[in-house]
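The values are calculated or read from the model by the stated rules, or taken from the named source; none is laboratory data. Note that this is a predicted model, so its numbers are computed, not measured. Cβ placement follows ideal geometry from the backbone for every residue including glycine, while neighbour counts extend to all protein chains displayed. Surface accessibility is based on the protein's heavy atoms, side chains included, excluding ligands, DNA and RNA. Shrake-Rupley method; radii C 1.70, N 1.55, O 1.52, S 1.80 Å.
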Amino acid sequence: MKQLTIRQSQNSDVESIANLRAIVLRNDLTRLGRFDEEKVRQRFRDAFDSVHTWIIEEDSFFVGCIAFKPKLDGYLLEHFYIHPSYQGKGVGSQILKNLLEQNHVKGKHVTLNVLQGSSARRLYERFGFKIEREDPIDVYMYLIVEGHSKTVERS
């Protein structure tokens, strides 16, 4: 795998991400009887926040995105989409590992939801995410990111 880079998204990225969302979610939403070409894009447009969304690139090629929004008790991980031609190659694992290792995330509660039957669930489970609850469409998961404790000695 070549070098991945991550950059903060810009408002001009909204359509590229909305299109990627439609591509990535098509099979799972179709299986669940919920795919609507326009609604899947519009739902992203309505929730898009460029400040908390990051673009994943390889050699300036748009590979995917991830949103990581602060909440009172931690973070909401959402809109984590990897282009199908890059899925299964460790991109998602690399991005998630780097994200969860950031100091500001240590000790925090990270939540997400994934579609029922989605292969992405296995990725989250490998990282220790647990099921909080589920419904016929979504599986809601959480992780309390382990922090490193340092003892500070005073003299």
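A few remarks follow.
- Each of I82, V105, V24 was scored by the projection of its Cα onto the charge dipole of the chain, and the greatest displacement toward the positive side belongs to V105; charges sit on the C-beta of Lys, Arg, Asp and Glu.
- The length gained by stretching the chain between N11 and Y140 to full extension, at 0.36 nm per residue less their Cα-Cα distance, is 43.6 nm.
- Using only side-chain charges placed at the Cβ, +1 for Lys and Arg and -1 for Asp and Glu, the dipole size of the range 1-53 relative to its Cα centre rounds to 200 debye.
- In this Cβ point-charge picture (+1 for Lys and Arg, -1 for Asp and Glu), the chain has a dipole of about 340 debye about its Cα centre.
- The lysine pair tally for the chain, using Cα distances under 23 Å and a gap of 8 or more places or different chains, is 20.
- Gain on full extension, evaluated as 0.36 nm per residue between K130 and H109 minus their Cα-Cα distance, stands at 6.4 nm.
- Of F35, F127, F61, the residue with the greatest mean-square motion in the GNM of the chain, using alpha carbon springs below 10 Å, is F61.
- Couplings 3J(HN,Hα) of the range 81-94, computed from phi: 10, 10, 3, x, 5, 10, 6, x, 10, x, 5, x, 4, 5 Hz, in residue order, whole Hz [Karplus 6.51 cos²θ - 1.76 cosθ + 1.60, θ = phi - 60°; x for Gly and Pro].
- Heavy-atom SASA rank of I82, I131 (probe 1.4 Å, accessible area, largest first): I131, I82
- Cα gyration tensor, the range 1-146 - rounded (a/c under 1.5), prolate or oblate: rounded
- Given a 1.4 Å probe and the protein chains as shown, H109 ends up with an accessible area of around 40 Å².
- Cα-centred dipole magnitude for the range 24-91, charges only on beta-carbon of K, R (+1) and D, E (-1), debye, nearest 20: 260 debye
- Point-to-point label distance, L72-K97, nm (Cα→Cβ direction, 7 Å offset): 3.5 nm
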